[in-house]
Amino acid sequence: MQFTSKLPNTGTTIFTIMSALAAEHKAINLSQGFPNFPTDPHLNELVYQYMKEGYNQYAPMAGVPALREILSHKIHQLFDFKPDPTTEITVTAGAAQGLFTAIAAFVHPGDEVIILEPAYDLYRPAIEVFGGIPVAYELKAPRYAVDWDEFAGLITPKTRMILINTPHNPTGSILRKADLEKLEALTADTNIIVLSDEVYEHLIYEGEEHQSVLRFPQLRERSLAVYSFGKTFHATGWRIGYCVGPAALMAEFRKIHQFNVFSVNTPMQYALAKYLEDENTYLNLSSFFEKKRDFFLSTMRGSRLQPLHCDGTYFHLFDYSSISQEPDTAFARRLTTEFGVAAIPVSVFYSDGRDDKIIRLCFAKTEEMLEEAGALLQKV
């Protein structure tokens, strides 16, 4: 049987590979980005409650109205902007589906999409599967900041979309107010759509404020912002998130969404709507994860792995160049097999394989696991 692959150069993700290697060698898995501690029992109880009460059939295509209403309120409280819950918010089967659907809705063959690399590994394949052309702007260690004058040189008449991610996976860097103002100016009076991956919006440190595209009036007119309940509430396996954007863009988004997943898990939507009534469920997350970051760094004191700065997410980058000059993929594998801690090599997030001798470790773990991992990494 003959066919032509739409993604001929795409194989198994590095996350699957490293997690399997960690399992094989009984290593501590700090590679894949998921917490090893439980969700709030109250949230679990709410899901069970709505299941028992019979909320088990299809939800409305755009999402349960109560959830969209509370999300509109949440966004208003955070960003001083109140999206219309009827026409400007759609509940998705995870942030990945939201990102994929947004790309499907607007990217045509030959369209260019600018991405910031190192980039989350969904972006490039999603663009390519719809015939788009990924155009990479390369962020450089150690700060991974955008030079917007340099970035502007990538914009052409074929640019259909700019895809940003803040706080940024894998680097832990953030875009600040000045960055979003530059992007707003660059895209003014164009037909460019901005797709903003903001799944780590509540995981931001040192008193910094998350700069969403929704804060900037001219920018949000052309933007779709994607969020994740899984990242926010330690429930990555639930695969539930949401997308926010102006009505005209959201109408196109929903055309794809309705034939992709149609609707999303019903009892979880009702449970989340109730849970979000308490704003502390998400407002306290920054301090919760900042303590984990600092605890992990304390376990690493004296290690030859040098930490870079982490402004957000639950990932931390470490420079191993004083230890070895081997490729980061080889070093990450050896870290797993010889020292018992699995990491992700950052080169895999660059399309050209740029290798700065840096690995990514996830600190969304219990203190016991982080302490054990730190002790093992001290030996490297």
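Quick note: the coordinates plus some simple rules give every number you see, no bench work behind them. Bear in mind that the values here come from a model prediction, so they are computed numbers and not experimental data. Glycine also receives a Cβ, built like all others from the backbone with ideal geometry; neighbour counts cover every protein chain displayed.
Going by C-beta contacts inside 10 Å, put SER72, SER228, SER298 in order with the fewest on the left.
Taking fewest neighbouring Cβ atoms as first place, the list is SER298, SER72, SER228.
For LYS140, list the lysines whose Cα falls under 23 Å from its own Cα; do not include residues on the same chain fewer than 8 positions away.
LYS177, LYS182, LYS357
Simple spin-label model, 7 Å along Cα-to-Cβ: ASN280 to PHE81 in nm?
That separation, rounded to one decimal, is 3.0 nm.
Would you mind counting up the charge near LEU203? Only other residues with Cβ under 15 Å from its Cβ, with Lys and Arg at +1 and Asp and Glu at -1.
Taking every Cβ under 15 Å from that of LEU203, the sum is -3.
Could you tell me whether the range 254-380 comes out rounded, prolate or oblate from its Cα gyration tensor? Rule is a ≥ b ≥ c as square roots of the eigenvalues, rounded for a/c under 1.5, then prolate if a/b exceeds b/c, otherwise oblate.
Because a/c hits 1.5 or more and a/b fails to exceed b/c, the range 254-380 counts as oblate.
For the range 1-58, which GluC sites (Glu not before Pro) pass both filters: DSSP loop (anything but H, G, I, E, B) and at most 14 other C-beta atoms within 10 Å?
GLU53
To make sure I understand, if each residue's beta carbon is the centre and we count other beta carbons within 10 Å, what order do THR92, THR156 fall in, fewest to most?
Exposure proxy ranking, most exposed first: THR156, THR92.
Could you tally the net charge around PRO85, taking each other residue with its Cβ under 13 Å from the Cβ of PRO85, Lys/Arg +1 and Asp/Glu -1?
The answer is 0.
Just tell me, in residue order, which DSSP H segments of the chain are both 20 angstrom or longer along the helix axis (alpha-carbon based) and at least -1.0 in mean Kyte-Doolittle hydropathy.
Qualifying helices: 65-79, 285-299.
Excluding same-chain residues fewer than 8 positions from LYS365, which lysines have a Cα within less than 18 Å of its Cα?
List returned: LYS26, LYS231, LYS291, LYS292.
Under 5 Å between amide H atoms, partner at least 5 residues away or on a different chain: which partners does THR159 have, H built in plane at 1.01 Å?
GLU112
Check the straight Cα-Cα distances from LYS158 and name the aspartates and glutamates below 14 Å, setting aside those fewer than 8 residues away within the same chain.
Straight-distance partners of LYS158: ASP111, GLU112.
Residue separation times 0.36 nm, minus the C-alpha to C-alpha distance between LYS140 and TYR48: what's the value?
Extra length from LYS140 to TYR48 when fully extended: 28.5 nm.
If amide H atoms are built 1.01 Å from N in the plane of the peptide, which residues on other chains or at least 5 residues away come under 5 Å of the amide H of LEU305?
Here the answer is none, since no amide H 5 or more places off falls under 5 Å of that of LEU305.
Grab the beta carbon distance between ALA251 and LYS6, set R0 = 25 Å, and tell me the FRET efficiency rounded to 0.05.
0.40
So between ASP121 and HIS73, what do we pick up on full extension, going 0.36 nm a residue minus the alpha carbon distance?
14.1 nm
Treat the count of other C-beta atoms within 10 Å as a stand-in for reagent exposure and order ASP84, ASP179, ASP197, ASP311 from fewest to most.
ASP84, ASP179, ASP311, ASP197
Run the numbers for ALA178 and THR16: contour at 0.36 nm per residue of separation, minus the present Cα-Cα distance, in nm.
The ALA178-THR16 span can extend by a further 54.7 nm.
In whole Hz, what ³J(HN,Hα) sequence does the range 127-138 give by Karplus (6.51, -1.76, 1.60; θ = phi - 60°), x for Gly and Pro?
For the range 127-138, the Karplus-derived couplings read 5, 5, 5, 9, x, x, 10, x, 10, 8, 9, 8 Hz, x marking Gly and Pro.
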